[in-house]
Amino acid sequence: MPPYARTASLVGLALALIVVLTGAEPQMSGVHGPAAPATAIGDARPLAAESFKSVTSYPTVAEPVRLRIPALHVDSRLDRLGLQPDGSVAVPKSTAVAGWYDGGARPGQPGPAVILGHVDSFRGPGIFINLSTVKIGTRVEVDRTDGSTATFTVTRVAKVAKVRFPTDLVYAPTLDPTLRLVTCGGSFDQAKGSYRDNVIAFADEI
């Protein structure tokens, strides 16, 4: 029986998704938001945001609106994904559309930009049905609102158990613009109605 004939993986892509920037052990319930900034040791006064001056500046890039992976026949608009009330990352409402997590970097900015997509559902294949087969060197293009395009090349593909999701690898800060494409994979757990693994494609800007 093909995977998409099984129970919908909409629940499956609610993934173990991922503890954001906290370094805590990932939970099946989803992503936790970033921790509030800490004050200096011995200083109980709150840190005023307006008093903070960054010593480093990075170019601002426009928001992403479209994902194209010609080798996988992927050409999808990008929905904006935030956090749900329980702290988990929202997932695309349609299995045919990918989504960008807007709590992270924009594609082309320093840091990991994260794009999520479903692998399938009871209706048929999802936008990332073939992500597990993507080859090293595959070109990934992200179009932005100002007409520019951020171009990446796949450097690594991993399949990991949801209970061992590599939070640090996916969300760790970096000075280089990177991209992570995430979906479900592996065998299907009929009892839980979800896949047991996640498939993650890592890509660097070129």
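Residue count for the stretch 157-206, restricted to those that are hydroxyl-bearing (Ser, Thr, Tyr), at pLDDT below 95, out of contact with any helix residue (DSSP H, G or I) (no Cβ under 8 Å at 6 or more places or on another chain) and surrounded by 17 or more Cβ atoms within 10 Å (Cβ to Cβ): 2.
All of Arg68, Arg123, Arg77 fail the test of being out of contact with any Gly (no Cβ under 8 Å at 6 or more places or on another chain) and over 18 Å from Ser148 (Cβ atoms), apart from Arg123.
Scanning the stretch 121-135 for residues that are surrounded by 12 or more Cβ atoms within 10 Å (Cβ to Cβ) and more than 16 Å from the chain's Cα centre (by Cα) yields a count of 6. Only one of the numbered conditions (1) free of Cβ contacts under 8 Å to residues at least 60 places away in the same chain; (2) part of a strand (DSSP E or B); (3) within 20 Å of Arg68 (Cβ to Cβ); (4) not polar (S, T, N, Q) is violated by Val182, and that is (1). Count of the stretch 138-153 residues, restricted to those that are of a type in the set (A, V, I, L, M) and closer than 16 Å to His73 by Cα, is 2. Given the criteria crowded, with 18+ Cβ neighbours inside 10 Å and in contact with a helix residue (DSSP H, G or I) (Cβ under 8 Å, 6 or more places away or on another chain), does Val154 qualify? No; evaluated as a whole, the condition is false for this residue. Residues in the stretch 135-152 that are in a strand (DSSP E or B), closer than 12 Å to Arg106 by Cα and not acidic (Asp, Glu): Val142, Arg144, Thr149, Ala150.
Scoring Gly124 on the criteria (1) over 15 Å from Lys159 (Cα atoms); (2) modelled with pLDDT of 95 or more leaves a single failure, condition (2). Considered as a group, the residues in the stretch 185-206 that are part of a strand (DSSP E or B), of a type in the set (Gly, Ala, Ser) and in contact (Cβ under 8 Å) with a residue 60 or more places away in the chain include one that is farthest from Val114 (Cα to Cα), and that residue is Ser194. Looking for something closer than 18 Å to Tyr101 by Cα and assigned to a strand (DSSP E or B) - is there at least one such residue anywhere in the stretch 153-174? Checking the stretch 153-174: not a single residue is closer than 18 Å to Tyr101 by Cα and assigned to a strand (DSSP E or B). Each residue in the stretch 103-121 was checked for being part of a loop (DSSP other than H, G, I, E, B) and either hydroxyl-bearing (Ser, Thr, Tyr) or farther than 20 Å from Asn198 by Cβ (or both), and 3 pass. Of all the criteria given as (1) surrounded by 16 or more Cβ atoms within 10 Å (Cβ to Cβ); (2) of a type in the set (Gly, Ala, Ser); (3) within 28 Å of Leu175 (Cβ to Cβ), the one not satisfied by Gly87 is (1).
The values are calculated or read from the model by the stated rules, or taken from the named source; none is laboratory data. In this text the structure is predicted, and so the values were computed from the model without any measurement. Positions of Cβ are backbone-derived with ideal geometry, glycine not excepted, and every protein chain shown enters the neighbour counts.
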